[in-house]
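Since the structure comes first, as structure tokens, the remarks are kept for the end.
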Amino acid sequence: VQLVESGGDLVQPGGSLRLSCAASGDNNFNLYDFYWYRQAPEKRRELIATITAGGSQYYGDSVKGRFSISRENGEGKATVFLRMNSLEEEDTAVYYCSAEVSGVRERYSYWGQGTQVTVSS
């Protein structure tokens with residue numbers, strides 16, 4: 001499984017961005033849960049948004065009401081989006097996409113390489 005994030009950019013405070021995560025390498029992405037994490041310099045990686053295989057969405061307190069996660073399942077691929085509104089300087093971080101699926105005996109997880117979001121005037 002491969003995850004490739006895109007859409008990171010430099011944006012002014014109050015602006016918006018949409019990140020994308022392109023997943024490939026499995027025919028059953030409809031069974032996967034997807035996550036967006038972020039990591040700011042000298043801070044721990046933070047889980048900010050989850051979308052389950054069933055479509056349920058969860059958000060971290062720091063982004064609730066401003067960010068929205070969605071997904072599109074396709075044949076042999078999937079795309080997960082993170083719509084970010086009302087961006088603040090504190091949202092500056094590397095944003096990572098992650099995917100998890102349950103196997104027979106264990107849970108498998110996959111990560112993308114990250115995309116940089118910088119919020120600055």
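The values are calculated or read from the model by the stated rules, or taken from the named source; none is laboratory data. None of the values given here were measured: they were computed from a predicted structure. Using ideal geometry, Cβ is built from the backbone for each residue, glycine included, and neighbour counts are taken over all protein chains shown. The accessibility values were calculated without ligands, DNA or RNA, using every heavy atom of the protein model including side chains. Shrake-Rupley method; radii C 1.70, N 1.55, O 1.52, S 1.80 Å.
Selection of segment 8-27 for residues being in a strand (DSSP E or B) and open to solvent by 70 Å² or more (accessible area, probe 1.4 Å) yields 10, 18.
In a strand (DSSP E or B), without any contact (Cβ under 8 Å) to a residue 60 or more places away in the chain and either β-branched (Val, Ile, Thr) or surrounded by 13 or more Cβ atoms within 10 Å (Cβ to Cβ) (or both), is that true of residue 79? Yes: the conditions hold for residue 79.
For first residues located in segment 8-27 and of a type in the set (Asp, Glu), partners that are open to solvent by less than 50 Å² (accessible area, probe 1.4 Å) and part of a loop (DSSP other than H, G, I, E, B) and lie 6+ apart or on another chain with Cβ distances below 8 Å form the pairs 26/32; 26/76.
Taken as a whole, segment 93-111 holds no residue that is outside any strand (DSSP E or B), surrounded by 14 or more Cβ atoms within 10 Å (Cβ to Cβ) and out of contact with any His (no Cβ under 7 Å at 6 or more places or on another chain). For residue 55, the stated conditions hold: it is open to solvent by less than 40 Å² (accessible area, probe 1.4 Å) and part of a loop (DSSP other than H, G, I, E, B). In this structure, residue 45 qualifies as closer than 16 Å to residue 110 by Cβ, open to solvent by 80 Å² or more (accessible area, probe 1.4 Å), among the basic types (Lys, Arg) and modelled with pLDDT of 95 or more. The set of residues in segment 28-42 that are open to solvent by less than 80 Å² (accessible area, probe 1.4 Å) and assigned to a loop (DSSP other than H, G, I, E, B) comprises 28, 32, 40.
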